[in-house]
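The next block holds one structure in the form of structure tokens; read it before the comments.
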Amino acid sequence: MGSVRRTPNGKRWQARYRDAFGRMHATTFDRKLDAERFLSRAHADLQRGEWVDPRLGQITVGEWVEHWLPTLQLRPTTRALYESELELHVLPSFKQVALGRLTKVQLQRWLAEQLQGPGSTASVRRQFRLIKQLLGAAVDSELIVKSPAAGIALPRVEAAEMRALSYAEVLEVANAMEPHYRVLILTLA
């Protein structure tokens, strides 16, 4: 069981409890009520087996990328793509943010900014799926309780309408080709 007590200076309240391994944890609050609520949530999480050490959430996104990326079994081209996407698009915004402090609103703002930029919707979707994968691995590794990327809807990729060549354009292309390719062009058109 845990306890709530005044800090030695008498200005704040400290919630203290032991985790499933018997290690003591303490968090301070301005109000006694906040400390009691925190302690109740911590005990409930411990009972349900959902408790995650809050100190683990202090790992930054940049540090987590360094630990996570080498664990992936990827082809060299895919690894190079992931590294490039992370370095150019994800880490400039989130490298110094602690995993436990990353919010859904921050991710939604990042997504909106990326969609306003020069990149295509398809590339932004790929980058966000990489963020979701990164945060999902943090949940699986019990660094954070849940992923802030969960439930964020990605924009649809609008398919461009295909334009067919006119009869005159097909003849122009066929006439520009070597004679033995001319029949192929006319047949394909």
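Nothing in this text is a laboratory measurement; each read-out follows from the coordinates by a stated rule. Since we're looking at a predicted model, the values are computed, not measured. FYI the Cβ positions are ideal-geometry reconstructions off the backbone, even for glycines, and counts take in every protein chain you see.
Brief remarks follow.
- Working note: Debye formula, equal point scatterers on the alpha-carbon atoms of the range 13-77, no solvent; log10 I(q)/I(0) at q = 0.20, 0.21 Å⁻¹ is -0.85, -0.89.
- Of all the options Leu46, Leu111, Leu130, the one that moves most in a Gaussian network model of the chain with Cα springs shorter than 10 angstrom is Leu46.
- Residue-span extension gain [Val139 to Arg55] - 0.36 nm each, minus C-alpha spacing: 28.8 nm
- Checking (i) 30; (ii) 33; (iii) 57 against percent of Cα pairs over 25 Å apart calculated from these atoms, the matching label is (iii).
- Stretching the chain fully between Glu83 and Val105 yields a gain of 5.5 nm (0.36 nm per residue, less the alpha carbon separation).
- Label separation (Ser93 vs Arg182): 5.5 nm, computed from points 7 Å beyond Cα along the C-beta direction.
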